[in-house]
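These notes are about the structure you will find just below.
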């Protein structure tokens, strides 16, 4: 993984994009992100932070677009990023995108694959593809409206404007906004709290919401019941109930 740094602290993995100067997304970087996500699937990892500095990712590497008009390379690259974002979203443990600088285009699409987005005060995010005469190709037109609402999502994709951190927080695109120099510490601290929690229950919440979100309510409630039954049989469920009855703090194992 020459373009991604992967570090582990306890049960928290940090995936850091490292393609200076702006972490422009090309096929190699996307592949390295996918490899890092594969490593984070290990049961020893119970929470993940994905980040990049000084910019999270300023979008696709546009220098390759001209060649793409002839060979459809960019279309394949978009499909590769779409798959990687889907794998990040499907990780069965909490994930946090720590966003500094720009997260634009594919960078924002990658950040939206995480469960939570922590933005530095100076961060700017957006889907500016429309300015190039194209549209998002790795989930932007679908995940963005689900986060910020139909009309706001359409406006952001059609204007291509950059959204500052405070607005991102106000519209639900960011979960936390913190001072620039505290971003990574805040994200890692939150990840550590998740890593000490009931990992299987977190995974069940993610599956239930993802599977049930677009279903009719009765079908979605069936999905929830199925996930409840699965998680009720876990070791952590027993630990949590016993600790509650004993008025003690549970020490979850992640199993």
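Among the residues of region 132-145, the ones that are modelled with pLDDT under 95 and in a helix (DSSP H, G or I) come to 1 in all. So for region 232-241 (the condition being in a loop (DSSP other than H, G, I, E, B), surrounded by fewer than 16 Cβ atoms within 10 Å (Cβ to Cβ), more than 18 Å from the chain's Cα centre (by Cα) and not assigned by TED's automatic domain parsing to the domain that holds residue 134), does at least one residue qualify? So far as region 232-241 goes, yes, one or more of its residues are in a loop (DSSP other than H, G, I, E, B), surrounded by fewer than 16 Cβ atoms within 10 Å (Cβ to Cβ), more than 18 Å from the chain's Cα centre (by Cα) and not assigned by TED's automatic domain parsing to the domain that holds residue 134. Among the candidates 24, 7, the residue that is surrounded by 18 or more Cβ atoms within 10 Å (Cβ to Cβ) and without any contact (Cβ under 8 Å) to a residue 60 or more places away in the chain is uniquely 24. Quick one: how many residues across region 153-166 are crowded, with 17+ Cβ neighbours inside 10 Å and part of a helix (DSSP H, G or I)? Selection size over region 153-166: 4. Taking the criterion of being surrounded by 15 or more Cβ atoms within 10 Å (Cβ to Cβ) and closer than 17 Å to residue 163 by Cβ, the residues of region 124-138 that qualify are 124, 125, 126, 127, 128, 129, 130, 136. Evaluate region 202-215: report whether one residue or more is farther than 21 Å from residue 87 by Cβ and in a helix (DSSP H, G or I). For region 202-215, residues farther than 21 Å from residue 87 by Cβ and in a helix (DSSP H, G or I): absent. When 180, 185 are checked against the criterion of being out of contact with any helix residue (DSSP H, G or I) (no Cβ under 9 Å at 6 or more places or on another chain) and free of Cβ contacts under 8 Å to residues at least 12 places away in the same chain, 185 stands alone in meeting it. Applying the selection to region 27-53, what residues are in a loop (DSSP other than H, G, I, E, B) and surrounded by fewer than 18 Cβ atoms within 10 Å (Cβ to Cβ)? Of everything in region 27-53, those that are in a loop (DSSP other than H, G, I, E, B) and surrounded by fewer than 18 Cβ atoms within 10 Å (Cβ to Cβ) turn out to be 41, 42, 43, 44, 53.
Residue 174 passes every criterion in (1) outside any helix (DSSP H, G or I); (2) under 19 Å from the mean Cα position of the chain (by Cα); (3) farther than 20 Å from residue 91 by Cα apart from (3).
The values are calculated or read from the model by the stated rules, or taken from the named source; none is laboratory data. The structure displayed is predicted, hence computed values, not measured ones. Here Cβ is always computed from backbone atoms with ideal geometry, including for glycine, and neighbour counts include all displayed protein chains.
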